[in-house]
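To start, the structure under review is shown below, and the notes come after it.
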Amino acid sequence: MKKYLAPSLKLTLVMLVLCCLVYFAIVYLIGKLTPGGGDGEKLLVNGKVVGYANIGQKFTNDNYFWGRPSAVDYNAAGSAGSNKGPSNPDYLQVVNDRIDTFLVHNPSVTKEQIPAEMVTASGSGLDPHISPASAYIQVTRVAVARKLDAAKVKYLIDQQVEKGTLGPDVINVLKLNIALDAVK
């Protein structure tokens, strides 16, 4: 038994150092090299933090672009999806309510034109991005609410498109709304 005890203890100590100290140090250092130094990319307006680029925000006012719905009401401490399937009656009612709300605020849009992402929550409930199609479908509402030319609003969307490297093109809703607030 003594023959196996010493090597087992040594291996346990080596693995503790590797898994608890070395791994943590590597992840910490990599995080410090990312935008925001591992704390997330803070978005500032006039020196004041207005949000984080990697966390979805709730916008319900007609003069702002809306992001994806959130199953956790945009609570970053409790990121999660709804875990309800597409045949769940409660889930279907929530989606239908979201469709109705979207149509009330966007009367020029038909139910068939609404991108699915505008009425279904993301897996994390905190998705900060929407597709360009989801932004373009909101142009009329935002332009009317802000008394802007629709072409100007579309141009602003074009400027905010982040080209997808491995995935589709996306638009960060908070960055788009910050840019929208800067328009005179």
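The values are calculated or read from the model by the stated rules, or taken from the named source; none is laboratory data. Because the structure is a prediction, the values reported are computed rather than measured. All Cβ positions, even for glycine, are placed from backbone atoms using ideal geometry, and neighbour counts span all protein chains on display.
Only one of (1) in contact (Cβ under 8 Å) with a residue 60 or more places away in the chain; (2) surrounded by 14 or more Cβ atoms within 10 Å (Cβ to Cβ) fails for Asp181. Which number is that?
Going through the list (1) in contact (Cβ under 8 Å) with a residue 60 or more places away in the chain; (2) surrounded by 14 or more Cβ atoms within 10 Å (Cβ to Cβ), Asp181 breaks only (2).
Considering only the range 39-67, how many residues are in contact with an Asp or Glu (Cβ under 9 Å, 6 or more places away or on another chain), within 19 Å of Gly123 (Cβ to Cβ), modelled with pLDDT of 90 or more and crowded, with 17+ Cβ neighbours inside 10 Å?
1
Of all residues being among the hydroxyl-bearing types (Ser, Thr, Tyr) and over 19 Å from Gln113 (Cβ atoms) in the range 131-171, which is surrounded by the fewest Cβ atoms within 10 Å (Cβ to Cβ)? Just the residue, please.
Thr165
What single numbered condition from (1) exposed (fewer than 15 other Cβ atoms within 10 Å of the Cβ); (2) at pLDDT below 95 fails to hold for Ala121?
So Ala121 meets the others, but not (1).
Which of the residues belonging to the range 134-175 are within 16 Å of Ala53 (Cα to Cα) and either touching a Gly at 6+ places or on another chain (Cβ under 7 Å) or among the aliphatic types (A, V, I, L, M) (or both)?
Val161, Val170, Ile171, Val173, Leu174, listed by residue number.
Are there any pairs, at least 6 apart or on different chains, whose C-beta atoms fall under 8 Å, with the first in the range 14-38 and surrounded by 11 or more Cβ atoms within 10 Å (Cβ to Cβ) and modelled with pLDDT under 90 and the second part of a helix (DSSP H, G or I) and aromatic (Phe, Trp, Tyr), and if so, which?
Going by the 8 Å Cβ cut-off, the qualifying pairs are Gly38/Tyr28.
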